Structures are given as C-alpha cells and as structure tokens.
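Right, one structure below, let's go through it.
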Amino acid sequence: MTLSRRLFLSMVMAGTALPALGAAEPDVIIVGAGVAGLAAARALMAANKSVLVVEARDRIGGRAVTDSTTFGFPFDLGAQWIEAGRTNPAMAILKEMNVRPVPDRQEQAIYIGGSEAPKEEYARFEKIAIDASRKLVDALKKAPDVPVGRVLVAQDPLERLAYAMVGPLESGVELGELSTRDFMRQPEREPQYSVPEGLGALVARWGAKVPVKLGTRVVRIDSTGGQVLAVTTNGQLSAKAVIVTVPTGVLANGPFGFAPQLSATKREAIAQLPMALYNKVALSFGRKVIDAPAGRSVIGLNRKQEAFDAIVRPYNRDAAIVFVGGAQARQLEEEGTGAALAFAMSALAEIYGNDLRGLLARSSVTRWGKDPFARGSWSMATPGNADKRSVLAQPHHDRVFFAGEATDPVWATRVGGAYASGLRAAREALAVLGAKR
Ligand SMILES: Cc1cc2nc3c(=O)[nH]c(=O)nc-3n(C[C@H](O)[C@H](O)[C@H](O)COP(=O)(O)OP(=O)(O)OC[C@H]3O[C@@H](n4cnc5c(N)ncnc54)[C@H](O)[C@@H]3O)c2cc1C
C-alpha cells in the first residue's frame, strides 16, 4: 500500500494507527539490512525466533555493496577489506560461506609530485608511521583523550602524507576532528584480506535467506504500548522487540523518531558519533596505460600537495581505484562527480602520463555523504567521546536494542563491528523474549 507523503505525515503527526504491514507478527523487527541487521537476523533465526528485517533500500548489504557489472571486475563501493584478519569477527562470514580470504595491499609505492620517492624516503616514511603510533600511545598515558591533530603535527611533506594516512585517508576525518582514543581502539590492520567476488557480493549471498521487506523506510519506533511498533513509509509493523541498526547519520538527521523519546545521554551519544566521509573513484581505461604490477597500492602527494591513496591495476585490469577522505571528500562531493573524477585522473596522470586522459572508458564515483540511508561512510567519535559507543549500544525502554558498526567498542567503523554488534543485540533481544513480562 502506498500513501501520499502528506497523508502519511498527517497520520504520523496525529498518531493515527497506520495500516498493518505483512501478515503474522514477528518476534523481532530489525531496522536495516546491513551486516549488523543481517547478523542479528541470522542469530535470531538460528534460535528459532521469527524475524522481519525492514530495509529502506531496494537491496540488502547497506554499506557493503559490490558493483559486479560496470568494470568487469568487482568494485566494492563501500566495505572492501577485512582488516586485522586474525581476530576480526567478520571473518566468520567468510567461514560460514566457505570463502577463502585473499591477502591484500602488502606493499605501498610512494609518489611525491609525480615522482617516486627515493629509497631512503621509504625508510623514513616507515619510521614516521612507527613514531606516530608511539606518540599517540604516549598521549593517552598523559590524558584520557586528545585530538590526533594536537599530537601529530606535520613538519614536512612526508609527515603530511603519513598523517593523512591516519586522518582523512584512513579515518575519513581531519586530524583535528579525530579522537586519539577512538582511533587507537582499532586493532592493527594486518593481515588485511579481500574476497574474490567482492565483500558486498559476499554479504548479499550470506544474507539472502533472511526475510527482508525492501523499499520500506522506518520513520518511528514506538514502544509505549504492549508491542513495539515500527512506523514505516508503507504502513505499520509490530513485534515483541525491535533492533535498530541504522547509521548514526540517519539517527541524527532522520527522519527517524522514538516514542518515548531517547534519553538525553543517548541523543548526546548520537551527536558525538558523527559520520566520517570516505569515497572512491573507480576508472577503467581503453588499453594498458598504467605501467605497474597488478593490485599495486600507491600513496602520495600530488603537485598541489594534496594527499591521495589509490590501487592501480586491480584484478590485473587497466583500471584504478582512487580513495578520498575527510574535508577533501566533502568538498568533492559538493562540487559533483566531475570534480572527483578530475582529481583522480590528474593524480594518476602525474605518475603514469597524460595519455591516460584520453583513454578513460568507464568511471564510477561514490557519494556516501549524499546517500540518505547512510549520510556518510562510518561513525568516528569526536575527541573526548570514544566512550559514547557503549552508550549508544544500550537498550532503550527495555525492548528497543541498538546495533550497527557505531555501537561496537572495538571494531566500530568496520564490518567486523557491524557483525559483532548484530550478534550482541540478538542476544539482548533473546533475553527479553525469554523473560516473563
Ligand atoms: C567507502 C567505504 C569504504 C569502507 N571500507 C571498509 C572496509 O574496507 N572494511 C570494513 O570493515 N569496513 C569498511 N567500511 C565500513 C563498513 O561498510 C560499515 O562499517 C558496515 O558495512 C556497516 O554495517 P551496518 O550494518 O552497521 O550499517 P549499514 O550497512 O549502513 O546498514 C544499515 C542499513 O539500514 C538501512 N536504513 C537506513 N535508514 C533506514 C530507515 N529509516 N529505515 C529502514 N532502513 C534504513 C540502510 O539502507 C542500510 O542498509 C567502509 C564504508 C564505506 C562507506
């Protein structure tokens, strides 16, 4: 059933009962079919509970999504790597699906102003990176938290590049906005894995058996009555419990409300876990124009001294993926896809020659900040607020639970955090379903 926006809004405002959606009432409604929602659903189903996942998009996977058609190789528009593979909870998805992880991005080539850095600069870059970690560890011994930008102050171009790999190109925020505690909570990157079909494609296969109502946006969770209601753009659903997995950008900017209202501490937690921005520009060329080994990771500063990060010849194709983050990603999103494409082309042309400019065959530019169901790439705590993740994770009004990458105390920002939080919220919901009311 479709309702006009006006009628829908007037019904929500007036608290009018919307028509019920779907037949039998599930034990648990899960809002969002990303990794967190799918993990929660699968865990509840394994415990013989009935679930319905309600998803605003017309696909599952959320911020894990692969474009398998445009380039002839899988392009992950969102999550791509399983980092810290020895301990990452998301490795369970690969195990469940019998998929072998592929070790990824071992070596980096460094370019400054279009020329490869001399050997001694590689050694110095490594030392800068090691010193940076030590400085951040020391900073946390002296104070509970501090913006990374106060600890890491670049004195020369190589330091600027190394620190960009901590801030915009790793965390999706500038160093001054980055919490040292939130950054240092993350386990070491290595070993880093990718999956041959693309991580998004794997997640879509893994979640395929979960019952999902697609194209249905939840606007309000109401736990004031006997059942918990999920008011959606397609009508109303009810269940014994609800798990909310939408990104903090959606919780903050909605439209997404709760009755009763979330506590002030919970609202503050959402405000202090804003969305970082990290985007990708994928390009393919008509013939071989990039002289580099397959899958080479290239980082550097272009002639304008802007930092960049790229993978060239992914899957041994005549292609490249260029990554942008933080303030620069925001600016490029504002300027439009043409600007992001121009940035990527010129960073590559400085290194591999201007010939590639005339040979662009296909391109794709992500714009996660403009995506209404993500509103950014992942949550990063503001300085002093790393502990807000566990506040966000707490249940609301007994039967409304929170999952999603932003709620995980260790693996936040990543697929591993989404997965672990989904399992945690499923356990919390099971405890309520088993309890007498
Ligand atoms: C460009 C980019 C690169 C990344 N790279 C990596 C990486 O290499 N490795 C890694 O581990 N992580 C990476 N991440 C982060 C990773 O994608 C996320 O941490 C993870 O996918 C989040 O899963 P989630 O289930 O918490 O949220 P989501 O995947 O966002 O799922 C939430 C779901 O809720 C839906 N939704 C939103 N609003 C509503 C509503 N009102 N009603 C109903 N449904 C709604 C959304 O459509 C979405 O499907 C990357 C992210 C981006 C954007």
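The values are calculated or read from the model by the stated rules, or taken from the named source; none is laboratory data. Since this is a predicted model, take the numbers as computed values, not measurements. Here the Cβ positions follow ideal geometry from the backbone for every residue, glycine too, while neighbour counts run over all protein chains shown. These accessible areas exclude ligands, DNA and RNA; they are computed on the full protein's heavy atoms, side chains included. Shrake-Rupley method; radii C 1.70, N 1.55, O 1.52, S 1.80 Å.
Which ones in the stretch 182-203 are more than 11 Å from the ligand (Cβ to nearest atom) and part of a helix (DSSP H, G or I)?
Hits for the stretch 182-203 are 182, 183, 184, 201, 202.
Out of the stretch 79-108, which residues are touching a Gly at 6+ places or on another chain (Cβ under 8 Å) and open to solvent by less than 20 Å² (accessible area, probe 1.4 Å)?
82, 84, 88, 90
What number of residues within the stretch 276-288 satisfy the criterion of being crowded, with 21+ Cβ neighbours inside 10 Å and over 11 Å from residue 321 (Cβ atoms)?
Summing the residues that are crowded, with 21+ Cβ neighbours inside 10 Å and over 11 Å from residue 321 (Cβ atoms) in the stretch 276-288 gives 4.
Checking residue 324 against (1) in a loop (DSSP other than H, G, I, E, B); (2) within 14 Å of the ligand (Cβ to nearest atom), which test does it fail?
Residue 324 satisfies every listed condition except (1).
I'm trying to understand the selection: among the residues of the stretch 380-404, which are of a type in the set (Gly, Ala, Ser) and either assigned to a helix (DSSP H, G or I) or surrounded by fewer than 23 Cβ atoms within 10 Å (Cβ to Cβ) (or both)?
384, 390, 393
Determine the pairs where a residue that is within 16 Å of residue 152 (Cβ to Cβ), located within the stretch 113-140, has a partner that is among the acidic types (Asp, Glu) and surrounded by 12 or more Cβ atoms within 10 Å (Cβ to Cβ) with Cβ atoms under 7 Å apart, the partner being 6 or more residues away or on another chain.
Filtered contacts from the stretch 113-140: 128/159.
Look at the stretch 405-437 and say how many of its residues are out of contact with any strand residue (DSSP E or B) (no Cβ under 8 Å at 6 or more places or on another chain), among the aliphatic types (A, V, I, L, M), surrounded by 17 or more Cβ atoms within 10 Å (Cβ to Cβ) and not in a helix (DSSP H, G or I).
Total satisfying the criteria: 0.
Name the one entry in 376, 434 that is of a type outside the set (S, T, N, Q) and away from the ligand (no atom under 16 Å from the Cβ).
434
Among the residues of the stretch 349-362, are any within 16 Å of the ligand (Cβ to nearest atom) and in a strand (DSSP E or B)?
The answer is no; no qualifying residue exists.
If you go through the stretch 307-325, how many residues are open to solvent by less than 20 Å² (accessible area, probe 1.4 Å) and aromatic (Phe, Trp, Tyr)?
2
Would you confirm whether or not the stretch 142-153 contains a residue that is open to solvent by 40 Å² or more (accessible area, probe 1.4 Å) and assigned to a helix (DSSP H, G or I)?
The answer is yes, given that some residue of the stretch 142-153 is open to solvent by 40 Å² or more (accessible area, probe 1.4 Å) and assigned to a helix (DSSP H, G or I).
Restricting attention to the stretch 256-294, and to residues there that are among the hydroxyl-bearing types (Ser, Thr, Tyr) and in contact with a strand residue (DSSP E or B) (Cβ under 6 Å, 6 or more places away or on another chain), which single residue is nearest to residue 75 (Cα to Cα)?
284
Out of (1) hydroxyl-bearing (Ser, Thr, Tyr); (2) within 17 Å of the chain's Cα centre (by Cα); (3) farther than 26 Å from residue 274 by Cβ, the odd one out for residue 245 is which?
For residue 245, the failing item is (3).
Can you tell me which residue in the stretch 379-393 is farthest from the ligand (Cβ to nearest atom), limited to those that are of a type outside the set (A, V, I, L, M, F, W, C) and touching a Pro at 6+ places or on another chain (Cβ under 8 Å)? First the steps, then the outcome.
The initial filter retains those residues of the stretch 379-393 that are of a type outside the set (A, V, I, L, M, F, W, C), namely 379, 382-385, 387-390.
If we keep only those that are touching a Pro at 6+ places or on another chain (Cβ under 8 Å) as well, we get 379, 382-384, 389-390.
Numbers: 379: 8, 382: 18, 383: 21, 384: 22, 389: 12, 390: 16 Å.
It comes out as 384.
Select from the stretch 67-88 the residues that are of a type in the set (Phe, Trp, Tyr) and not in a strand (DSSP E or B) and write down the one among them that is farthest from residue 362 (Cα to Cα). Working first, answer last.
First, pick out the residues of the stretch 67-88 that are of a type in the set (Phe, Trp, Tyr): 71, 73, 75, 81.
Okay, now just the ones that are also not in a strand (DSSP E or B), so 71, 73, 81.
Details: 71: 7, 73: 12, 81: 23 Å.
Selected residue: 81.
In the stretch 363-379, how many residues are hydroxyl-bearing (Ser, Thr, Tyr) and assigned to a loop (DSSP other than H, G, I, E, B)? Before the answer, list the steps.
Filtering the stretch 363-379 down to residues hydroxyl-bearing (Ser, Thr, Tyr) leaves 363-364, 366, 377, 379.
After this cut, where a residue has to be assigned to a loop (DSSP other than H, G, I, E, B) as well, the list is 366, 377.
Number of matching residues: 2.
Quick one: how many residues across the stretch 116-129 are out of contact with any helix residue (DSSP H, G or I) (no Cβ under 8 Å at 6 or more places or on another chain) and open to solvent by less than 80 Å² (accessible area, probe 1.4 Å)?
Selection size over the stretch 116-129: 3.
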